[in-house]
Amino acid sequence: MTTTPTTSHAKPPSAKKLVHPTPKERSLLGKEARTRVPRASHAAFEPSSSRPDPVSLLERQAVSRVPELVPIRYGRMLVSPFTFYRGAALIMASDLATTPTSGLTTQICGDAHLSNFGLFASPERSIMFDVNDFDETLPGPWEWDLKRLAASVVIAGRDQNFSKKDCAIAAKEVGATYRQEMRRLAESRNLDVWYSHIDVEGVIAGLTAQATKQGSKSAARMATKASSIVAKSRTKDSLQAQDKLTEVVGGRRRIISDPPLIVPLAELSAEHEPDALLESLHQLVRSYRRTLQTDRRQLVEEFELIDVARKVVGVGSVGTRAWILLFQGRDGNDPLFLQAKEADASVLEEFVGRSKYTSHGERVVAGQHLMQAASDIFLGWQRVEGLDGITRDFYLRQLRDWKGSFEIEGAIPKGLTAYAGLCAQALARAHARSGDRIAIASYLGNSTTFDDALAEFAETYADQNEKDYAELKKAAADGRIRAETGL
């Protein structure tokens, strides 16, 4: 395993004069877009007769993945329509490319479903809530992120047997909160937008105050649950990961083997000397360090790499190459776990154009920095030639750093609605950092027209998702694909 030099990053931009239209001119852009593409038109989704077979799209993705892990991906997608949706980013991107867009673009997540938002620690050690998955990020239509989020809300609600009315209320909350937050940001100063973030403690305090004022038991339960999730997230760090994922063998700390989900590097490559493999990975880390800013590079250099393993992660990402790297600081009680995750071409590329970055790892890192209020201090990228001789892009980040997520299972309708609104608020802030927030706010306006259209789209697309899920179940039953469940 060797590294490819990472001296070439983004393609040099051509020199051009920056144009700064006035707020009035930017607002007019939004109103003109509304004339071309009425807000009510976003309700429509009608699969065309030439719509690609959804299973074929998944099989296409499987070609570049680790063959023995692909059945695990299918097995995880087959758990429910919602887990299927989590792995169906390419399918939905293909569908979204047929829907109306305002022509206003921003940096988008590309996979903005409910489970791709959550808690993590800021560099200042405060709890943040934000978008937390950027594997598919690219500049594109802001509507695509919003539609993917709204549809995930309806699908999640159906998984919990919520009524059609409750699902519609939660989906409308996505549109309403996004619209209202974008309006607020449109009226804010540039620096205020850039420094804007969601105050998690403030959200919990608001729920607690609401419960007290209204005597609301549901608000009280939501506040208690939110507090519990935050408290639990604070325990998830490298020290906890070391306790859970490692053991001491012969006086040396080693990652525990748990195939096929966790496989130490030495077991994957028995024909190579473990020490030689570890030395090659030292070279990879040195390459990665060059992508960090100077102070963080200094910090990484104080840690020693001592073990590596392949780890299966997520649902849609299963089959891509993901590694966990165990480092040791001053002693055995000073661990650092990093995750190196393969970055392939975004599923959006064939619909919005190729990335300006030559490295997909850099694409992911740049998109994350642009969209998140604060990002992991260890976030960086590298280009690697693998044991099979194929060069691949990776990005690195901490494996666990106070990470927490909303549990859809067991949620109540009001809880889903509140969480959907929180995700929409985070998405609006993320979009406002790179897109024309004034034009988007002007397009959305003050009425509920867009909110209603978005909820209708979400309902229709949830129906389509169920049909696609049934197609994958049929493919597994017919033997077209092999699925491993329970992993």
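The values are calculated or read from the model by the stated rules, or taken from the named source; none is laboratory data. Just so you know, these numbers come straight off a predicted model, no measurement behind them. Don't worry about glycine lacking a Cβ; one is built from the backbone with ideal geometry, like all the others, and counts go over all protein chains shown.
Going residue by residue through region 18-36, is there one that turns out to be at pLDDT below 95 and crowded, with 19+ Cβ neighbours inside 10 Å?
No, the conditions are met nowhere in region 18-36.
Inspect region 440-461 for any residue being touching a Leu at 6+ places or on another chain (Cβ under 6 Å), buried (at least 20 other Cβ atoms within 10 Å of the Cβ), assigned by TED's automatic domain parsing to the domain that holds residue 119 and within 29 Å of residue 188 (Cβ to Cβ) and give the result as yes or no.
Yes, the conditions are met somewhere in region 440-461.
Check 135, 130, 145, 111 and return the single one that is of a type in the set (Asp, Glu), assigned to a strand (DSSP E or B), under 12 Å from the mean Cα position of the chain (by Cα) and buried (at least 22 other Cβ atoms within 10 Å of the Cβ).
Within the list 135, 130, 145, 111, the selection yields 130.
Just checking, how many residues over region 384-397 are touching a helix residue (DSSP H, G or I) at 6+ places or on another chain (Cβ under 7 Å) and either basic (Lys, Arg) or under 29 Å from residue 201 (Cα atoms) (or both)? Break it down into steps so the answer makes sense when it comes.
Just the residues of region 384-397 that are touching a helix residue (DSSP H, G or I) at 6+ places or on another chain (Cβ under 7 Å), to begin with: 384, 393-396.
From the residues that got through so far, the ones that are either basic (Lys, Arg) or under 29 Å from residue 201 (Cα atoms) (or both) too are 396.
Matching residues across region 384-397 total 1.
If you go through region 208-224, how many residues are part of a helix (DSSP H, G or I) and either under 30 Å from residue 307 (Cβ atoms) or not hydroxyl-bearing (Ser, Thr, Tyr) (or both)?
Total satisfying the criteria: 11.
Given the conditions (1) touching a helix residue (DSSP H, G or I) at 6+ places or on another chain (Cβ under 8 Å); (2) under 23 Å from residue 405 (Cβ atoms); (3) surrounded by fewer than 21 Cβ atoms within 10 Å (Cβ to Cβ), which single one is not true for residue 168?
Condition (2) is where residue 168 drops out.
Is it the case that region 163-183 has a residue that's basic (Lys, Arg), free of Cβ contacts under 8 Å to residues at least 24 places away in the same chain, farther than 22 Å from residue 100 by Cβ and assigned to a helix (DSSP H, G or I)?
Yes: one or more hits.
So is residue 181 more than 30 Å from residue 330 (Cα to Cα), modelled with pLDDT of 95 or more, more than 25 Å from the chain's Cα centre (by Cα) and assigned by TED's automatic domain parsing to the domain that holds residue 445 or not?
no
Among the residues of region 10-50, which ones are of a type in the set (D, E, K, R) and more than 30 Å from residue 357 (Cβ to Cβ)?
24, 25, 31, 32, 34, 36, 39, 46
Need pairs with beta-carbon distance below 7 Å; first residue assigned by TED's automatic domain parsing to the domain that holds residue 473 and over 13 Å from residue 89 (Cα atoms) and within region 48-61, second assigned to a helix (DSSP H, G or I) and among the small types (Gly, Ala, Ser); sequence gap 6+ or separate chains.
Partner pairs satisfying both residue conditions: 52/94.
Just give me the residues in region 225-257 being closer than 21 Å to residue 124 by Cα and assigned to a loop (DSSP other than H, G, I, E, B), in sequence order.
Across region 225-257, the qualifying residues are 234, 235, 236, 237.
Can you name every residue in region 342-375 that is surrounded by fewer than 21 Cβ atoms within 10 Å (Cβ to Cβ) and within 21 Å of residue 323 (Cβ to Cβ)?
Within region 342-375, 344, 345, 375 meet the criteria.
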